[in-house]
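As structure tokens, the structure follows; a few thoughts come after it.
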Amino acid sequence: MSQGKKRKTVAVVGAGPGGLAAAMLLAAKGYDVQVFEKQDRVGGRSGQLQLGEFRFDRGATFLMMPQILEQLFADVGRSLQKEVEMKELETLYSLHFGDLAFTPSKDVEATASQIARLFPGDEEGYRRYMAEEDIKFDRIMPLLRRPFQSLKDYLKRDVIRALPYLHATDTVYGRLSRYFKDERLRTSFSFQAKYLGMSPWECPGTFTILSFIEHKFGLFHPIGGVNAVFTAMAKVTTELGGVIHTSCGVKQVLTKNGTAVGVLLANGERIEADHVIVNADFGMAMTTLFEPGLLKKYTPEKLNNKKYSLSTAMLYMGVEGEIDLPHHSVYFANDYRSNVDDMTTHKVLSDDASLYVHNPSVIDPTLAPPGKSSLYALMPVPNLSASLDWEKDREHIQDRMMKLLEGIPALSGLSSRIEESLFFTPLDWQNEQDVYKGATFNLSHNLGQMMTLRPHNRFEEVEGVWLVGGGTHPGSGLPTIIESAQISVRLLEEEDARGSKKQTSRIPQSKVGRTV
């Protein structure tokens, strides 16, 4: 932004990864940026949780495609590697089907060899999957890096090139059935649909690229947890001149004649701004941040009728001793299809549930005292649209989850070793983290809620409002959330550039270039 001009002001609602990415970019470009975060730390639903001397990532633990973060830091003249120590995992995860464990890596030949041993005859399908998804990835990525604001956007060349590879009318499970005969292997490459909070039998076939991304680029762990990346983003933002206010929530986006003019803080203070970037959970933002009756497309009734992701029940445990488990482990239900259908269709808890166990202390000594472990367990469950009583049944469900965990040989007797713990339910996600319906993965990614049918980066209902995060295009997941911030910042800049040109055209020629 040129010297001599009054700097444009931006208020960012929420210091999740999308809000922090937008703040970084805009601060580097000379905007006057203020970020307002209700919680006492940055990171949003993926921020740090501390229990005694134990630290945890509250939400996201999978870090993939670090090149997107590397580019974000490079765009503001910084280096991700200098800000955060990153460790690449040797194996992606350990996937358990009864007594069988599959431990793939990004080494295609090593993984193919393991598939030949565990799932004979499917190794060539794996090689074909990797080769064909590589082409698909190359065609789809451009669509995740630009806005979709009208039907005209579907006529652009990149969409036409990608169309044969989108597989949007097929499902993730359907696509993977073309490559793999063994049901367990299909599950190994389709469970990533849960990152979108969806069933692989319903999730559009486009998203087979999720498992490909893991196998192609690997998985990483930032020392200190994924939240260390968000702490670094906040640090860089402040060094670039931005201001981040924690424990400082926003009550309302202020508007005048259909245009945002600032925000009203929970403490009653009014902050004027030329632009407002909303990084709050989409459903919660639409129902709480705007004056009642202002929104027409996203009324409470219409929001209630949208499709939302499933939720998660979490157990965070500070444990005495070391845990003999890899960094990421997934234990699949014996009948995985029924387990998924229970959550997404019938909206009940499964007696035979799947579990994800995160054991970062196996490679990161900073998260727990010496000789101890920070352990995180996740059980996918229905969101709050289900008729489950989480207050009444909280203790019973926690006990059920602990019983499943103690059925894992490496976790036998776990309950006697726990020094600190927290059980977190869908109701807690809603009440403590402002997640609409407790849907931890935001709006679902069905065909009716993708691309131009997803809430737009340039908010349709109020001028001067921009959306970032999992509830806008291109969708949920850390890499796509960062891309949402890149898209919204470009649109914001373009609007300011157009406004500047219009203003300049109205200034008499003799005054152009003068400092006022």
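Some notes on this structure:
- Test: residue in segment 71-90 that is closer than 21 Å to residue 441 by Cα and out of contact with any Ser or Thr (no Cβ under 7 Å at 6 or more places or on another chain): no
- Selection count, segment 307-333, where residues are assigned to a strand (DSSP E or B) and within 20 Å of residue 417 (Cα to Cα): 8
- Test: residue in segment 435-444 that is surrounded by fewer than 20 Cβ atoms within 10 Å (Cβ to Cβ) and out of contact with any Gly (no Cβ under 6 Å at 6 or more places or on another chain): no
- Qualifying residue in segment 164-172 (condition: at pLDDT 95 or above, under 24 Å from residue 356 (Cβ atoms) and of a type in the set (Val, Ile, Thr)): yes
- Selected residue [at pLDDT below 95, open to solvent by 10 Å² or more (accessible area, probe 1.4 Å) and polar (S, T, N, Q)] from 412, 387, 416, 421: 387
- Residues of segment 335-374 that turn out to be buried (at least 20 other Cβ atoms within 10 Å of the Cβ), in contact with a Gly (Cβ under 8 Å, 6 or more places away or on another chain) and under 23 Å from residue 406 (Cβ atoms), as a count: 6
- Candidates in segment 245-258 are the residues that are part of a strand (DSSP E or B) and closer than 12 Å to residue 13 by Cβ; of these, the one that is most open to solvent (accessible area, probe 1.4 Å) is 251.
- The condition of being closer than 20 Å to residue 482 by Cα, in contact with an Asp or Glu (Cβ under 8 Å, 6 or more places away or on another chain) and part of a helix (DSSP H, G or I) holds for only one of 213, 140, 209, that being 209.
- Those strands (runs of 3 or more DSSP E) of segment 1-113 in which 1 or more residues are open to solvent by less than 30 Å² (accessible area, probe 1.4 Å), under 22 Å from residue 328 (Cα atoms) and among the hydroxyl-bearing types (Ser, Thr, Tyr) occupy 94-97.
- The residues of segment 127-155 that are among the small types (Gly, Ala, Ser) and free of Cβ contacts under 8 Å to residues at least 40 places away in the same chain amount to a single one, 131.
- Every residue from segment 115-130 that is more than 16 Å from residue 218 (Cβ to Cβ) and assigned to a helix (DSSP H, G or I): 115, 116, 117, 118, 123, 124, 125, 126, 127, 128, 129
- Identity of the residue in segment 316-333, in contact with a helix residue (DSSP H, G or I) (Cβ under 7 Å, 6 or more places away or on another chain) and aliphatic (A, V, I, L, M), that ends up nearest to residue 192 (Cα to Cα): 330
- Qualifying residue in segment 334-347 (condition: assigned to a loop (DSSP other than H, G, I, E, B) and touching a helix residue (DSSP H, G or I) at 6+ places or on another chain (Cβ under 8 Å)): no
- Residue within segment 259-271 that is open to solvent by less than 10 Å² (accessible area, probe 1.4 Å) and part of a loop (DSSP other than H, G, I, E, B) present: no
- For segment 309-322, the set of residues classified as open to solvent by less than 10 Å² (accessible area, probe 1.4 Å) and farther than 30 Å from residue 472 by Cβ consists of 315, 317, 318, 319, listed by residue number.
- Residues that are under 15 Å from residue 434 (Cβ atoms) and polar (S, T, N, Q) do not occur anywhere in segment 255-273.
- Of the residues examined, residue 454 is not one that is among the charged types (D, E, K, R) and open to solvent by 30 Å² or more (accessible area, probe 1.4 Å).
The values are calculated or read from the model by the stated rules, or taken from the named source; none is laboratory data. Predicted model, so just to flag it, every value in this text is computed and none were measured. Cβ coordinates were reconstructed from backbone atoms using ideal geometry, including for glycine residues, and neighbour counts include every protein chain displayed. SASA here: full protein model, heavy atoms, side chains in, ligands and nucleic acids out. Shrake-Rupley method; radii C 1.70, N 1.55, O 1.52, S 1.80 Å.
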